[in-house]
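The values are calculated or read from the model by the stated rules, or taken from the named source; none is laboratory data. As the structure is a prediction and not an experimental result, all values here were calculated from the model. Neighbour counts run over all protein chains shown; Cβ positions are idealised from the backbone, glycine included.
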Amino acid sequence: MQWLVLGMILFLGVHSVRIVADDWRNQTIDRVGLGAWKAVYSLVSVVGLGLIIWGYGLARQSPVVLWSPPVGTRHAASLLTLVAFVLLAAAYVPGNAIKARLGHPMVLSVKLWAFAHLLSNGTLADVLLFGGFLAWAVLDYRAARHRTPTGLRDSASDTADDAAPPAARNSSLAATMATVVVGLGAWAVFAFWAHGVLIGVRPFG
């Protein structure tokens, strides 16, 4: 369990710099350069993510069960993760109205993903992992909305351009439909195949 916790500290810690120390971040980038900042940021993120995956896998071998979620929560989780995949696609497909409307779809995607997995899992490792990501997403979304106008950028990307024009100016129906199709397709692949291969759990048996 300690490796999972350490991974969470590293991964969420480096992704929380803009929440708690945005001025320090900007000063550091000015001092060391954007390239050096991105290199350290990426390295810490990769190490943290690796520890999360490894630590969660170890914790699943000897789970500490806190409660047993009802079967119905699995169906709710599937629906929520479907929406989360569409929001994730909205963060990357240019010119879609979903991003224009919500402004920070990637962080909202993390919120739904984490909440969905909290609903359908009841071990201590699940609470630490998904509860931690949910808390981070709530704080990050709040900070992002205070930092930039809705529609400017998705705060989950530390390398995003703060000076980008509002997405609403370039949104189109075609891009929005493409976003939904990409999100649904990615969800289907992950739910019916990749989740079982990578996580060892098949949401639909």
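In the stretch 18-67, of all residues being surrounded by 15 or more Cβ atoms within 10 Å (Cβ to Cβ) and polar (S, T, N, Q), the one that is nearest to the chain's Cα centre (by Cα) corresponds to S45. Being among the hydrophobic types (A, V, I, L, M, F, W, C) and modelled with pLDDT of 95 or more holds for only one residue in L79, L58, L34, L51, and it is L51. Restricting attention to the stretch 1-48, which residues are β-branched (V, I, T) and more than 26 Å from V64 (Cβ to Cβ)? Within the stretch 1-48, V14, V17, I19, V20, T28, I29, V32, V40, V44, V46 qualify. Reported count of residues in the stretch 165-188, each being in a helix (DSSP H, G or I), more than 16 Å from W113 (Cα to Cα) and modelled with pLDDT of 80 or more, is 11.
Per-residue answers, yes or no, for (1) out of contact with any helix residue (DSSP H, G or I) (no Cβ under 6 Å at 6 or more places or on another chain); (2) crowded, with 19+ Cβ neighbours inside 10 Å:
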{"position": "L87", "(1), (2)": "no, yes"}
{"position": "I98", "(1), (2)": "no, yes"}
{"position": "R101", "(1), (2)": "yes, no"}
{"position": "V107", "(1), (2)": "no, yes"}
{"position": "V110", "(1), (2)": "no, yes"}
{"position": "W113", "(1), (2)": "no, yes"}
{"position": "L139", "(1), (2)": "no, no"}
{"position": "A144", "(1), (2)": "yes, yes"}
